[in-house]
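Read-outs: derived from the displayed coordinates by stated rules, not from any lab. All values derive from a computational prediction rather than experimental measurement. Cβ atoms come from the backbone with ideal geometry, glycine included; neighbour counts cover every protein chain shown.
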Amino acid sequence: MPPTNQLSGAEAFVRMLQKHGVTHLFGLCGDTSLPLYDALFGLDHGITHILTRDERSAAYMADAYARVSGRVGVCEGPSGGGATYILPGVVEANESSVPLLAVTTDIATTSRGRFTLTELDQESLIRPVTKWNCVIDKASAIPGAVRQAFAQMTGGRPGAVHLGLPYDVQKDPVDEQEIWTEPGLSHYPPSRIVPDESLVQAAASRLREAARLLFICGGGVIIAGAESELQRLAERLGAPVATTISGKGSIAEDHPLALGVVGSNGGTPATRAVVDTADLVVFVGCRAGSVTTERWRHPAPGTPLIHIDVDPRVIGANYKTEVGLVGDACLSLTALNQELDRAGRADWGVESVERAKREKFDAFLALAHSDATPIRPERIVLELEAVLPADAIIIADPGTPCPYLSAYYRQRMAGRHFISNRAHGALGYSLPAAIGASFGRPGAKCVAVMGDGAFGFSVGELETLTRLKLPITLVVISNGGYGWIKAGQSTGYGGRYFSVDFGCSDHAAIASAYGVKAWRVQEPQALRQCLAAAIDADCPTLVDIVSQPLHEARAPVSEWVA
Ligand SMILES: Cc1ncc(C[n+]2csc(CCOP(=O)(O)OP(=O)(O)O)c2C)c(N)n1
């Protein structure tokens, strides 16, 4: 035992998390984590540990927790398999600009190179998927490494970091006086980057000239809390506001200038037409990636462009840019609002949005009111929208949920109320993410919508859900196969279906066996009542919906390959 003015490495680590305002830790135990768990057991730290059934889930929970709370998400797992299993969540957070701290414990430094069970170069494994990464080789370096980790993950473009804690390092002593922090790093952004004034003026003068200006907003607007400044600027200029999937919530979608999601996943011909008509596009907090731009075709190359992003690498990566503003989205939009005074051409913005929305939703509603079986995905979105409160948080897995909810679920409040894992789109995100989100925003109704393929990836966490008694609702869109890929084989490969169908399971029965209150719905007329009952219940619920397969549906998808 270390003397009284000293802590063990594991205790020092826990104290450093506590000092940085960490209140939730998602993770799964292992041999190399025993000192860490003992420190969590012994100290009075106020951190709630959420035991998961898979490290991947722990990382997804921490990711969603961070997305909805504006705080750092923290997850942990043991050496070897724990590190390899935690990795999918680390990469998703890092690429989605989410501040996530992944902690892995490790074999003792003295056991390296001796065929020790679980030995793995965890630092090398995780390096490509993090902003910063370090396996701490001596206990005295723990406080400094934790400070560095928080600065790195919250500074500039937020992202993921990894800290490795070898077994012996967790037991070695650390001087208590080293336990201190820089203030303000538990939230993001902790400090903001101001855009260059002369570039703000250049951008403002281009905005003044444009007749058909369009904003395309990515996740950066919500991360920066720039929703009000965006709305002010759009109203001032009379410009439509389109979003990426991650940017859904940059503006309330019932606003007359809110165009909705554009791109190959969730965009429709009507929304694309507005993108194609613009004579100046402003990307805000948006990487202008393959899905948003339908592989860099909409906007067409050569369209005059302004790009605002906190990450200089993004600007000019995909499009020739007239003015690039490197800076925080909120400060950049505020600066533009201060620079501009004219009232805009509201007619182009409001009229083009109105026309596009009418065309899009007329087509949608014709299908959504259909009583056909198996139940159409359009009907599911309509009924879900009808029963959900405006402040609900919806998390959409890839497959049917992502394009349908992106396109047709009208998010009535600005802010983070919709999440989809758009960096890698790995299946099985939504269930654990809903658990993380419910801790990140207590009291909000969290709903995970997944295909039956995605359900199979995350089913183990049904036990976590019942253990924690969280009033989360899961919706399974069940079509007996990997529908998205089958649709790709239908449209691009002559309907030569190969190894995309699996058996139909009764997901309601599975959920019931775990103690989740569940319904199986085959008739469209029964859907609203079941969804309403599930949403209202004060316990975990699941609604299993036998649905039209994606390759037979009219999905708002222009390309099945990103
Ligand atoms: C981990 C992972 N493996 C493979 C894929 C490729 N993929 C994208 S969508 C999809 C099918 C999804 O099936 P399901 O969850 O049942 O939803 P559906 O498309 O049928 O609505 C697959 C396999 C993926 N996104 N993630």
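Candidates S370, V350, L333 compared by Cα position along the dipole of the range 333-386: farthest toward the positive end lies S370, with charges placed on Cβ. Dipole size of the range 387-507 about its Cα centre, with +1 on Lys/Arg Cβ and -1 on Asp/Glu Cβ: approximately 420 debye, rounded to the nearest 20. A straight Cα-to-Cα reach below 16 Å connects K138 with the aspartates and glutamates E11, D106, E123, D168, D172, D175, E176, E178, residues fewer than 8 places away in its own chain not being considered. Of all lysines in the structure, the ones whose alpha carbon falls short of 26 Å from that of K360, not counting any fewer than 8 places away in one chain, are K248, K486. Adding -39500 (n - 2.57) for every DSSP H run of four residues or longer, then dividing by how many residues the chain holds, sets the calculated 222 nm ellipticity at -11500 deg cm²/dmol. Using DSSP to define loop residues, name the trypsin sites (Lys or Arg not before Pro) in the range 135-177 whose beta-carbon has at most 15 other beta-carbon atoms within 10 Å. Counting only loop positions with at most 15 other Cβ atoms within 10 Å, the trypsin sites (Lys or Arg not before Pro) in the range 135-177 are K138. Just to confirm the filter: which trypsin sites (Lys or Arg not before Pro) across the range 264-301 are DSSP coil and have at most 16 other Cβ within 10 angstrom of their Cβ? Within the range 264-301, the qualifying trypsin sites (Lys or Arg not before Pro) (loop, at most 16 other Cβ atoms within 10 Å) are R295, R297.
Select from the range 436-530 those trypsin sites (Lys or Arg not before Pro) which occupy a DSSP coil region and have at most 14 other Cβ atoms within 10 Å, ordered by residue number.
Sparse-neighbourhood loop trypsin sites (Lys or Arg not before Pro): K469, R496.
What aspartates and glutamates sit close enough to K357 to cross-link, taking a C-alpha to C-alpha distance under 17 Å and skipping anything fewer than 8 places away on the same chain? In chain and number order, the partners are E253, D254, D276, D347, E378, E385. A convex hull fitted around the alpha carbon atoms of the chain yields 145 Å³ per residue.
Put simply, the convex hull of the Cα atoms in the range 142-233 casts, on average, a shadow of 8.6 nm².
Could you work out how far the C-alpha centroid of the range 407-482 sits from that of the range 240-296, in angstrom? After rounding, the separation between the Cα centres reads 24 Å.
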